[in-house]
Amino acid sequence: MSRRRLLGAALLAALPLQPLLAQQRPQSRAAAPDRAVLAQVEAYLNGLRTLRARFLQIGQNGASAQGTAWIVRPGRMRFDYDPPEPLLLVASGGQVMMFDRELRQPTTVPASSTPLGLLLRDQIRLSGDVTVTGMERRGGFLHVSLHRTGAPAEGRLTLSFSEDPMQLRQWTVVDAQGRETRVTLYEIDTTARPDLRIFDFNDPRFLEQERR
């Protein structure tokens, strides 16, 4: 498998919530969820409408890639890899698409089947169909681990925030083989406003906008 397919697979592995193996990372240091802190996290996420950032993706095998990420809530997300990687990932209209620009091959999955789909909801609630399994402050960040209620075997997503001010800085997902994929955000800008055509992969002008 080529390096770009490995990177693309790693990024898609960071999206679907898949079964965890018994060797998943122990959570003994994680404190019980603090509802007041979770309320602050919910308020921050619900107030976040646009985010542009550089990202660094690191997979379990050490493969890494960088690029530019957009999150426009509700419903839109885009990860644009730096050259020479030809990969592009876009969420829009309830679908997540990974596109290989060189092979011109798309792969799509429903956004509802991905943990990051939580971030794209109009109203985010860390309760109900989402169960918070742990919370800890470590390395200067607040880490919140969660899974879908009623399906704890599917997997765990950990969101990591700076707190002063609160800002999403990283997320981590473990796949079915127990492999961890981590995406770290930096150079974060919540004031930029994109041309929404960059999220519309059904628009014939979509690829014309991809590098602007």
### Cβ-defined net charge surrounding ARG49, 11 Å radius [Lys, Arg +1; Asp, Glu -1]
+2
### Message
Could you give the length gained by full extension between ASP82 and ASP164, i.e. 0.36 nm per residue of separation minus their alpha carbon distance, to one decimal place?
### Response
26.5 nm
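FYI, it's all coordinate maths here, none of it is from the lab. Just so we're clear, the structure is a prediction, and the values are computed from it rather than from any experiment. Positions of Cβ are backbone-derived with ideal geometry, glycine not excepted, and every protein chain shown enters the neighbour counts.
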